[in-house]
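The values are calculated or read from the model by the stated rules, or taken from the named source; none is laboratory data. Bear in mind the structure is a predicted one, so any value in this text is a computation, not a measurement. Every residue, glycine among them, receives a Cβ derived from its backbone with ideal geometry; neighbour counts consider all protein chains shown.
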Amino acid sequence: MSVSEENAEREPVAYQVSAFLERRREQIAQRWADAALFRTVFTVSRDEAVEAGRAVAAALAAVAASGRLDDIRASGFEAVRDQLGRMAASRARTGTDPDGVANEVAALREPATELLRAEFAEPDAPEAHEAVLALTVLMGTLRLVVMETTVSAGEELIARQREQLHEVATPVIKLWESTVAVPLIGTLDSARSQVVMESLLDAIVAERARYAILDITGVPTVDSLVAQHLMKTVAAARLMGAECIVSGIRPAIAQTIVHLGIDLGTVLTRSSLADALAYALSQQGVEIAPLRAVGAAADAGTR
Amino acid sequence: MMQASRHAGPASLPIGSDADLAWVRQQVRQAAAELGFGLVQQTKLVTAASELARNTLVHGGGGHVQITPLDAGSSRGLRLAFVDTGPGIRDLDQALTDGYTSGGGLGLGLSGAKRLVQEFEVDSRPGEGTTVTVTAWATVVPPSRTVP
Ligand SMILES: Nc1ncnc2c1ncn2[C@@H]1O[C@H](COP(=O)(O)OP(=O)(O)O)[C@@H](O)[C@H]1O
Ligand SMILES: [Mg+2]
């Protein structure tokens, strides 16, 4: 039969797929740019999506040329592994779960196999089927490669959340009799500021504190919501009978707060935690002085 | 597309959660720093971005921000476009009034952000959504005379 003769002459199917991916790279990239995966990651410009599609198609061509259609470690993937990882991470950030990402990658197969089928004069001929099957295997491998990066992106996300949880455990420190302080570090979002307020109020009660210091040296951004949380905390502390001092407002943040139009006029502020503590102590009649001065004072007393 | 540096091409970031807001602030700060914004300028722009991104999330029901570095010869800038397909702003003058809030806020986000940047533009259609675009330019700091 002529078919088997042709079979004998034909180059391995993996090479055919590789040649097809090279030849039709542009068309494939154009179609992928409109697929959910590329469209949702590259929202700014379609050109970027096409460019990314070209890179993936080229990588697949390299993998096919090496004949390792089902090998997720094929060196051809290296060129796009990082890019695929960033794409998967970007999908994860918008809340797409790994299954969703896998489905989006799977959806890239159809546009490619459709183009491949169109290459054959007889799309139902066995060699056409064989080529499409080979490409299907390759696309399945791509999916596994992306899944692998998705899993590590997911681990990163968990690590980030764990870090945020860690931040929530804001310690309230007793600095002196009836003086407590909270050094705030990181993002002060609504959930976290609620925790801060509660633990501070608890500490005020437990320590019978009359002075509470909120140090915001470690808070990178003070916008109107953060300011509102600070003012609420100050007001609540006041109701508990404690005076609140906000310390650590850096110069850049002070300027920004003024431009925002936030009036912290009713809030007692000090530039550093040390100044805030000195203030609280002096209000309680405690003075911090160098030892020599204390000695001098003692001398004065004996005279 | 004008590109100021290899790292800082245009980028689009989703705004759908508090975690996204933190990410947006971080990315804006990094982009501004790479473009040579000073600390105060960075802080102002990041704070404006925080206000506008939160409005996108809270009032607009989520959306995205497009971050575009600008290079106009001697000066470099950063353009941020906050896009949502939410309810839109019916009365822009009112929304831009210090202290006006449709719910629970300080009502200083929109007006405050406007004061923190050099260029500010709101494009809003009731029922269709809101796009707030702001631009800040890095002021060129004259070389210090006290360089060691
Ligand atoms: N993206 C938006 N979509 C719809 N409405 C908005 C948007 N941004 C702002 N607004 C309206 O403008 C008002 C003022 O905004 P803002 O100054 O940020 O104050 P706040 O967020 O504290 O309410 C909001 O209360 C809201 O009604
Ligand atoms: Mg607001």
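If the condition is being facing chain B (nearest Cβ under 10 Å) and either part of a helix (DSSP H, G or I) or within 31 Å of the chain's Cα centre (by Cα) (or both), then segment A:255-273 contributes A:Gln255, A:Thr256, A:Ile257, A:Val258, A:His259, A:Leu260, A:Gly261, A:Ile262. Entry remark, segment A:77-95: residues being assigned to a loop (DSSP other than H, G, I, E, B) and either more than 14 Å from chain B (Cβ to nearest Cβ) or touching a residue at least 12 places away in the same chain (Cβ under 8 Å) (or both) number 1 in total.
Considering segment A:108-122, the residues that are within 30 Å of B:Gly16 (Cβ to Cβ) and surrounded by 15 or more Cβ atoms within 10 Å (Cβ to Cβ) include one that is farthest from the chain's Cα centre (by Cα), namely A:Pro111.
Taken over segment A:27-46, the residue count meeting the criterion of being part of a helix (DSSP H, G or I) and within 25 Å of the chain's Cα centre (by Cα) is 8. Every residue in segment B:55-88 that is farther than 18 Å from A:Thr43 by Cβ and in contact with a His (Cβ under 9 Å, 6 or more places away or on another chain), please. Listed by number, the list holds a single entry, B:Pro87.
Screening segment B:22-120 for helices (runs of 4 or more DSSP H) wholly inside it with 1 or more residues that are more than 14 Å from every other protein chain (Cβ to nearest Cβ), touching a residue at least 12 places away in the same chain (Cβ under 8 Å) and within 14 Å of ligand 1 (Cβ to nearest atom) returns the ranges B:92-95. Checking segment B:91-109 against the condition returns a match, with at least one residue being among the small types (Gly, Ala, Ser) and closer than 30 Å to B:Glu34 by Cβ.
A:Thr217 - would you say it is part of a strand (DSSP E or B) and either in contact with a Leu (Cβ under 9 Å, 6 or more places away or on another chain) or not aliphatic (A, V, I, L, M) (or both)? Considered against the rule, which asks whether it is part of a strand (DSSP E or B) and either in contact with a Leu (Cβ under 9 Å, 6 or more places away or on another chain) or not aliphatic (A, V, I, L, M) (or both), A:Thr217 comes out as yes.
Within segment A:284-300, the residues that satisfy the criterion of being small (Gly, Ala, Ser) and at pLDDT below 75 are A:Ala293, A:Gly295, A:Ala296, A:Ala297, A:Ala298, A:Ala300. For segment A:185-229, a residue qualifies if it is surrounded by 15 or more Cβ atoms within 10 Å (Cβ to Cβ), of a type in the set (A, V, I, L, M, F, W, C) and either within 11 Å of chain B (Cβ to nearest Cβ) or within 16 Å of ligand 2 (Cβ to nearest atom) (or both), and the qualifying residues are A:Leu188, A:Val222, A:Leu225, A:Val226, A:Ala227. Does segment B:57-90 hold any residues that are within 12 Å of ligand 2 (Cβ to nearest atom) and more than 11 Å from the chain's Cα centre (by Cα), and which are they? Matches in segment B:57-90: B:Leu57, B:Val58, B:His59, B:Gly60, B:Ile89.
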